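Written below as structure tokens is the structure these notes are about.
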Amino acid sequence: MSERTTSKAINIDENPAEGIEQAVRVFYEGGIFIYPTDTIYGIGGNPFNNDTMERITQLKRRDEKKHYIMLVGSISTLLRYVDLKTELHMDFLNSLWPNPISVILRLNKNTRNLWGQEDAAFRIPNHNFCRKLLNTLNTPLISTSVNRSGEPPLNDYSQIMGGFSEQTDLFLFSTGIQLNQGSTLIRLTGTHPELIREGKVPFGDILSKFELAGYQI
């Protein structure tokens, strides 16, 4: 964004429409914002804006080589950016989402060239506000925990308000109960899912859905 102003805080329980309107504005102006998800609060922005990506990386004091999880609102949006290995993977992903399960997928050629990487993690979150925002954006949204590298994520909106909101352009918060566990992260760039990090959803439950999609474990 060309000019920095005091970060605006919006309670999405009371003003969800305003929250979405302001988040879309910040997204397309190249800013960054904090928002609740189906796991923990995330720092978000436009993954196709290099200045936005750099600003988030600097804010988190994060290694530039580490990739971010991307949230999308639908499978149809996802398919514009990835190459699925087989048709059955589509059934599997449909059975997984929306849920706190992030899946590393191979990017298509155009997205690989834009992001300079071979694959990326995506998730359709089980969070109504998030999905409404994502479907309004109709493009991936960065989702990375609200913390500095090596520190635990912040998930209490009052702590975030004091520690991070003034370093972002918008703070969307909820006073309702928040989850405090990250997503389960799996890789699906080969034929079968590979566990990278177990989170809210047990890997055994994911494998069961994989079998139901038509695969033998």
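Among the candidates Leu78, Leu105, which residue alone is in contact with an Asp or Glu (Cβ under 8 Å, 6 or more places away or on another chain), among the hydrophobic types (A, V, I, L, M, F, W, C) and in contact (Cβ under 8 Å) with a residue 24 or more places away in the chain? The conditions single out Leu105.
Scanning region 113-159 for residues that are in a loop (DSSP other than H, G, I, E, B), of a type in the set (S, T, N, Q) and over 19 Å from Met53 (Cβ atoms) returns Asn126, Asn138, Asn155. If you go through region 132-152 and pick out every residue that is in contact with a strand residue (DSSP E or B) (Cβ under 9 Å, 6 or more places away or on another chain) and closer than 23 Å to Arg187 by Cα, you end up with 7.
Which of the residues spanning region 151-190 are within 23 Å of Ser102 (Cβ to Cβ) and without any contact (Cβ under 8 Å) to a residue 24 or more places away in the chain? If the condition is that a residue be within 23 Å of Ser102 (Cβ to Cβ) and without any contact (Cβ under 8 Å) to a residue 24 or more places away in the chain, then Glu151, Pro152, Asp156, Ile177 are the ones that fit. The residues of region 164-184 that are closer than 23 Å to Ala120 by Cβ and surrounded by fewer than 20 Cβ atoms within 10 Å (Cβ to Cβ), listed by number, are Leu179, Gln181, Gly182.
Results for (1) assigned to a strand (DSSP E or B); (2) in contact with a helix residue (DSSP H, G or I) (Cβ under 7 Å, 6 or more places away or on another chain); (3) in contact (Cβ under 8 Å) with a residue 24 or more places away in the chain, shown as yes or no for each residue.
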{"residue": "Glu18", "(1), (2), (3)": "no, no, no"}
{"residue": "Ile34", "(1), (2), (3)": "yes, yes, yes"}
{"residue": "Ile40", "(1), (2), (3)": "no, no, yes"}
{"residue": "Gln58", "(1), (2), (3)": "no, no, no"}
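Each value in this text was obtained by applying a stated rule to the coordinates, not by laboratory testing. Just so you know, these numbers come straight off a predicted model, no measurement behind them. Because the Cβ atoms are built from the backbone with ideal geometry, glycine has one as well, and the counts that use them run over all protein chains shown.
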